[in-house]
1. How many of the residues making up the stretch 56-68 are in contact (Cβ under 8 Å) with a residue 40 or more places away in the chain, part of a helix (DSSP H, G or I) and surrounded by 12 or more Cβ atoms within 10 Å (Cβ to Cβ)?
2. Enumerate the strands (runs of 3 or more DSSP E) found wholly within the stretch 1-51, keeping only those where 2 or more residues are open to solvent by 30 Å² or more (accessible area, probe 1.4 Å).
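The values are calculated or read from the model by the stated rules, or taken from the named source; none is laboratory data. Small disclaimer: the values here were computed from a predicted structure and weren't measured. FYI the Cβ positions are ideal-geometry reconstructions off the backbone, even for glycines, and counts take in every protein chain you see. Quick note on the areas: whole protein, heavy atoms, side chains included, nothing else; ligands and nucleic acids left out. Shrake-Rupley method; radii C 1.70, N 1.55, O 1.52, S 1.80 Å.
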Amino acid sequence: MRIGIIGKGRVGSALAVGWRAAGHEVQLGGRETSPNASEVANWADVVVLAVPFAALESIAQTIIAADKPVIDCTNPIAMGPDGMGLAIGHTTSGAEQLQAKLPGAHVIKTLNQVGAEVMADTTGFAHAPVQFLAGDNEVAKKVVASLLVDLGFEPLDAGGLSKARLLEPFALAWINQAIAQKHGRDWAFGAMPRTVK
């Protein structure tokens, strides 16, 4: 599968490593570098937005991703009087706003709940790290779930795209543990069903 990643930072680069290792064709692009965001989106079967949340507005104006899954890895984070929090939430989400800007695409919220270190390498865990995903198109969600498995994650369907309102604050729980609680970045959430009762 051809995966176009817009964003060449830690997250985009980490995802490229993982998907190339799984045998996918990957192309990275940026807003001002070659190939640019529009070229990457046109080439790809699946588009991944691995840019800061503040960049989504300008990116959405330059790409066309009709009938393609668009993975939104971003988190609408802002600093407030009490520290880090959500810039938007409760009645909408960053992913829903992105979908409104890309009405022909199938936005899937995922890969926002763990750090780049785990995205690049999911080995060494007692259980596969869990990665929730939310989106309104079931076919696109199945495609993205398969790509999550290729990275070594256990995908869990959170429901429609409105459930991004849960997943974006959930990312703050990871950030809080990684940074404020000093657990570091090399850990992930896991889903552990009870096997004995």
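1. 3
2. 25-29
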